[in-house]
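Reviewing the structure listed below.
The values are calculated or read from the model by the stated rules, or taken from the named source; none is laboratory data. Predicted, not measured: the structure shown is a model, and the values here were computed from it. Cβ atoms come from the backbone with ideal geometry, glycine included; neighbour counts cover every protein chain shown. These area figures cover heavy atoms from the full protein model, side chains too; ligands, DNA and RNA do not enter into them. Shrake-Rupley method; radii C 1.70, N 1.55, O 1.52, S 1.80 Å.
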Amino acid sequence: MRYRKFPAILAASTLLWTTGMAGAVDLEVTHWWTSGGEAAAARVLAESFDKQGGDKWVDGAIAGSGSTATPIIVSRILGGNPMGATQLNTGRDAEDLVKAGMMTDLSELAAKEGWADFIRPAKLLDACKHDGKIYCVPVNIHSWQWMWINPNTFKDAGLPAPANWQEFVAAAPKLKEKGIIPLATGDAWQVTGIFNVMLPSLGGKDLFLKVYQDKNAEAAASPEMKAVWEAFAQARSLVDPGYVGRSWNEATTLVMTGKAGAQVMGDWAQGEFGVAKKVAGTDYDCLPGLGGNAILDTGGDAFYFPKNQNPEVTKAQLKLASLLLSKETQVAFNLAKGSLPVRGDVDLEAANACMKKGIEILKKPENILPSLNQNLTADTKGQIEDLTKEFFADAHMSVDDAQARFVAIIKQAQ
């Protein structure tokens, strides 16, 4: 979607917040953090904001994933009913809203607080820029390239815990014999996530960059890319029929309770393990890069602040923007969320074993991938999701047919 000129909407936005005491604002904050671990992380931010006094965080949680919430958030902004602040993915989700002049410019605050000096990797802040100005606050580093396993499930089935995707696939028949789902997942974006994790983890970083960053159709049609589709076909054979309609955190619970062997999911899954008091390295374990290629993308969450003409609302927005990057908030929020801070100058001694794996991986620039949200438009991502969802649901769709359609998508990607 492209958003062009909306002067009437911007004018209407001046009436959307109420104030109590002079200068105090009830700031509605929308997000899609509704699972147990996510909600705990959101409370960290809300309580930290409220403790400052005066302004209040009004929680606007939207049930469902980002693919459900983002259109609702965008529609509200376009429709003249914007929130005070909103979570979106770090990347291109708000690109057209920024171009249309509908987001608050945070450049002055960023310069005053020196965001460029401590936010790392620098591309996270770059993703918030348009024409040299800054329009969002990255709050964490989330990586998709993880497989979560329950080592006790494999032990009970008489199997060693797998160290990589190939060993996991080899163990799957024995898990099935024991009535255990080899691979827990839900459908739609979760299935697409598996595919997009396989691309760099099994196909390699260079292939990932050629396909998703360079939009190279020849790379999308290569034998290396075919091998990724073949692995995705393997994954299709390892799920249970009940995966359709299952939420990602329900899939995490299946792994946690020993009903499934593994789940391919971003590191936000750690928030669920944390809420359940599970210990990394004992109750669950993690395989970055599916165990074979320890690389991680650096996506995550960012907060945007829709433009308004009420100076008190703007003050509250800037107050929240500053809080999100304070050292105390960065540590508390990310420990609850299972993600890594965007600040490179905070103490993470309390991080669990899996988080520490991620920290070590990201210390080496060659291990870092850009996130899909930084390289693909919402339209292209939607086409890939439709294709992977259809492939996963239809065992009769061949790898060759799926790859041909994938090549066509990459050819026209922007």
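For region 337-414, calculate the relative contact order in percent as a whole number, restricting contacts to Cα pairs under 8 Å that are 6 or more residues apart. Kindly include the intermediate steps, with their values, before the conclusion.
Numbers: 23 pairs, mean separation 21.8, N = 78.
About 28 percent, as a whole number.
What does the extension gain come out to for Glu224 and Glu47, with contour length at 0.36 nm per residue minus their alpha carbon separation?
Details: separation 177, 0.36 × 177 = 63.72 nm, distance 4.82 nm.
Going from the current span to full extension adds 58.9 nm.
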In whole angstrom, the spacing between the Cα centers of region 354-381 and region 209-227 equals 18
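Compute the length gained on full extension between Thr68 and Asp345: take 0.36 nm times their separation in residues and subtract their Cα-Cα distance, giving the result in nm to one decimal. Write down the numbers at each step before the final one.
Numbers: separation 277, 0.36 × 277 = 99.72 nm, distance 3.43 nm.
Roughly 96.3 nm would be gained on extension.
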Accessible area (Å², per residue) of the chain, counting only protein heavy atoms and a probe of 1.4 Å = 40
Assuming R0 = 30 Å, what is the FRET efficiency of Asp26 and Ala408, from their Cβ-Cβ distance, to the nearest 0.05?
-> 0.05
Say the dipole of region 130-190 comes from +1 at the beta carbon of Lys and Arg and -1 at that of Asp and Glu; which of Ile134, Leu183, Thr153 then lies farthest toward its positive end?
-> Thr153
Quick one: helix 311-324 against the long Cα principal axis of the chain, what's the angle to the nearest 10°, folded into 0 to 90?
-> 40
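What FRET efficiency comes out for the pair Ala233/Ala353, r = Cβ-Cβ distance, R0 = 45 Å, nearest 0.05?
Numbers: r = 32 Å, r/R0 = 0.71.
The value I calculate is 0.90.
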Ranked by how many other beta carbons lie within 10 Å on average, peptides 396-404, 252-260, 125-133, 309-317 from highest = 252-260, 309-317, 125-133, 396-404
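Quick check for me: using +1 on Lys/Arg Cβ and -1 on Asp/Glu Cβ, what's the dipole size of region 53-96 about its Cα centre, in debye to the nearest 20? Walk me through the intermediate numbers first.
Numbers: 3 positive and 5 negative charges, 19 e Å.
Dipole magnitude for region 53-96 comes out near 80 debye.
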Roughly how compact is region 49-137, stated as its Cα Rg over 2.2 N^0.38 Å to two decimals?
-> 1.17
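Are there chymotrypsin sites (Phe, Trp or Tyr not before Pro) in region 280-379 that DSSP puts in a loop and that have at most 12 other Cβ atoms within 10 Å, and which ones? Mind showing how you got there, number by number?
Details: sites: Tyr284, Phe303, Tyr304, Phe333; in loops: none.
Listed in order of number, the matching sites amount to none.
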Ordered by packing density, taken as the mean number of other Cβ atoms within 10 Å over each peptide's residues, highest first, how do 55-65, 140-150 rank?
-> 140-150, 55-65
Going by alpha carbons, how many degrees (0 to 90, nearest 10) lie between the helix axis of 378-393 and the longest principal axis of the chain?
-> 30
When the chain is treated as a GNM, springs tying every alpha-carbon pair under 10 Å, which of Thr282, Thr30, Thr192 comes out with the largest mean-square fluctuation?
-> Thr282
Starting with the highest mean, order 359-365, 175-181 by the number of other Cβ atoms within 10 Å, averaged over the residues of each peptide.
-> 175-181, 359-365
Amide H contacts under 5 Å for Ile119, placed H, 5+ residues apart | none
On alpha-carbon atoms, Rg over Rh for the chain using Kirkwood Rh?
-> 0.97
Net charge dipole size for the chain [Lys, Arg +1 and Asp, Glu -1 on Cβ; Debye, nearest 20] | 240
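Do you know the relative contact order of the chain, to the nearest whole percent, from alpha carbon pairs under 8 angstrom that are 6+ apart?
27
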